[in-house]
Amino acid sequence: MTNLKDKIRKLPKKPGVYIYKDKLGKIIYIGKALSLKNRVTSYFQQKHTDQKTIELVSQINNLQTIELNSEFEALLLEAKLIKQHKPKYNTAAKDGKSYLYIIISKQFPNRIFASRRPEIENDILSWYGPFPSGREVQEILKTVRRIFPFRSCANLPKRVCLYQHLKLCPGVCLYSNENYPKTIGQIKQMLSGKTGTLIKSLEKEMKSDAKALDFEKASVLKLKIDSLQRLTHGWKNIPQENRQVTKAIDGIKKILIRYGGINLLAINKIEGYDVSNLSSQIIVGSMVAFVKGEPDKSQYRKFNLKYNLSFQDDPEGIKQIVRRRLNHPEWILPQIILIDGGKTQITSAFSALKEKSLENQIAVVGLTKEEEILIIPAVKFGSISSWKRLQLPRNSESLQLLQYIRDESHRFAQKYYKKLHLKTI
């Protein structure tokens, strides 16, 4: 505790993100502050009446902070880290409502809006969050659209709207705009924290316009660059994710784009499934979830299949697990489902996806044991048209991540099976 007091005393009065850890070093809460010193100090000096806060303060054993240059940066980083670590005291909003997410729709012209349940939205291109406060989300969107005007209306208007008059919407609902997809790409970079790359790209474009004597266009770009630098200069202080994991996910994405027929723009979540049975009396299934390449045990699920199956049938078991999983719209959908098995099991999972019209949104792959062959179905017009058997090198980061997910789903299924088996003894 003395070390914690010393850290608090030395905190700067600067914007940033603070991370509370318990005595085991586990992250239990992540917050943002306009002044790190004032915000963190308030936890230990005020008399709290909220039971959740009282319990949180009693468990704080260590503190980590990340200094930033603006509250805007802190908002984005707080959401990114909450999504990555799922801290115990961040999992539910105080008012009982779920957190907000920023959604970019897939249909053209792309719409950007806020939603509390991204998993039920249709045609999502990208989503960012969670954000604890609706006011903060609106502030982020307001800041973004001042630099990169975008469409936000749910229904396309028949005449020019107020946002276009204010130059906060490019009017893509009424007029063709070839640059709008480019604008959406720039907004995605901004919300993802890739502002360094974005600024370099804008600077290169600005110099090209100036060289071509198009000074009016160059001056517009200069204003965008200045605004981004003021807002997100400190973004480079975000802790970098494990490079091997990032490389593994990128490799999986390239494989699926090449062989699977599903164009995954990003892979945030992979779910692994397995069935475990030694008799018809006990048949169980498991679902594990990996977010950004790391296991998120709060999203693990187990399934007792004795009411779905009257005999041992792994492919039908997989189908029942995926079907039951998809009956929970409150669980955020994955981009990839990994099956412990081959074509038969993959086909079963695919049929469950097709029942929910998700066959073109979620990729299904299988990884066989012993040979470690990756089985990839090519999907065309909503059906499996062909198969690809791919043997990756043993030192491949992508293979190692998939093996980790498959083995974890097997371990989790076995653990549940043994628990039920002990009850019968």
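Observations on the model:
- Full extension of the chain between Lys222 and Ser152 yields a length gain of 22.7 nm, computed as 0.36 nm times the residue separation minus the alpha carbon distance.
- Segment 244-424: relative contact order as a whole-number percent, Cα under 8 Å and 6+ apart: 27 percent
- The label-point distance for Ala210 and Lys47, in a model that sets each label 7 Å from Cα toward Cβ, rounds to 6.1 nm.
- Gaussian network model of the chain, springs between alpha carbon atoms under 10 Å - residue of Asn277, Asn179, Asn62 with greatest fluctuation: Asn179
- In degrees, nearest ten, helix 71-85 long axis to first principal axis of the chain (Cα): 10 degrees
- For the chain, the longest site-free run once GluC sites (Glu not before Pro) in DSSP loop states with at most 11 other Cβ atoms within 10 Å are removed: 1-177
- Compared with the direct C-alpha span, the chain from Ser58 to Thr197 gains 45.9 nm at full extension, assuming 0.36 nm per residue.
- Placing +1 on the Cβ of every Lys and Arg and -1 on the Cβ of every Asp and Glu, with no other charges, gives segment 86-177 a dipole of roughly 180 debye about its Cα centre.
- Label of the coordinate-derived value, percent of Cα pairs over 36 Å apart, listed as [x] 37; [y] 29; [z] 47: [x]
- The charge dipole of the chain, taken about the Cα centre with unit charges on the Cβ atoms of Lys, Arg (+1) and Asp, Glu (-1), comes to about 920 debye, rounded to the nearest 20.
- Full-stretch length increase - Lys380, Thr143 - with 0.36 nm per residue and alpha-carbon distance subtracted: 81.3 nm
- At 1.567 mPa s and 4 °C, Stokes D of segment 244-424 from Kirkwood alpha-carbon radius, µm² per second: 80 µm²/s
- Distance between the 7 Å Cα→Cβ label points at Lys167 and Ser351: 5.9 nm.
- Using a Förster distance of 51 Å, the FRET efficiency for Arg411-Ser35 (Cβ separation, nearest 0.05): 0.70
- Spatially proximal lysines relative to Lys222 (Cα-Cα < 21 Å; intrachain offsets below 8 disregarded): Lys142, Lys167, Lys182, Lys188, Lys194, Lys200, Lys204, Lys207, Lys211, Lys236
- Charge dipole (debye, nearest 20) of segment 244-424; +1 at Cβ of Lys and Arg, -1 at Cβ of Asp and Glu: 200 debye
- Computed over the chain, the per-residue total of -39500 (n - 2.57) for DSSP H runs of n ≥ 4 gives a 222 nm mean residue ellipticity of -13500 deg cm²/dmol, rounded to 500.
- Cα gyration tensor, segment 100-237 - rounded (a/c under 1.5), prolate or oblate: oblate
- Histogram of C-alpha separations across segment 2-90, 10 Å bin width, %: 17, 51, 31, 1
- Whichever lysines have a C-alpha closer than 19 Å to that of Lys23, once near sequence neighbours (fewer than 8 apart) are set aside: Lys5, Lys7, Lys52, Lys86, Lys88
- Computed E for Arg117/Glu294 - FRET, C-beta separation, R0 22 angstrom, nearest 0.05: 0.40
- Gyration tensor over the Cα atoms of segment 359-425: the corresponding equivalent ellipsoid has semi-axes (square roots of 5 times the eigenvalues, largest first) of 29, 18, 10 Å.
- Note that segment 140-154 has calculated 3J(HN,Hα) couplings of 5, 4, 5, 5, 4, 6, 5, 8, 10, x, 9, 7, 10, 6, 6 Hz, one per residue in order, obtained from phi through the Karplus relation 6.51 cos²θ - 1.76 cosθ + 1.60 (θ = phi - 60°); glycine and proline are x.
- Inter-probe distance in nm under a simple model that places probes 7 Å from Cα toward Cβ, at Asn395 and Asp22: 4.0 nm
- The count of lysine pairs in segment 348-425 with alpha-carbon distances below 26 Å, taking only pairs 8 or more places apart or on different chains, stands at 10.
Just so you know, all these numbers are worked out from the coordinates, no wet-lab data involved. Since we're looking at a predicted model, the values are computed, not measured. With ideal geometry, Cβ positions are generated from the backbone for all residues, glycine too; neighbour counts draw on all protein chains shown.
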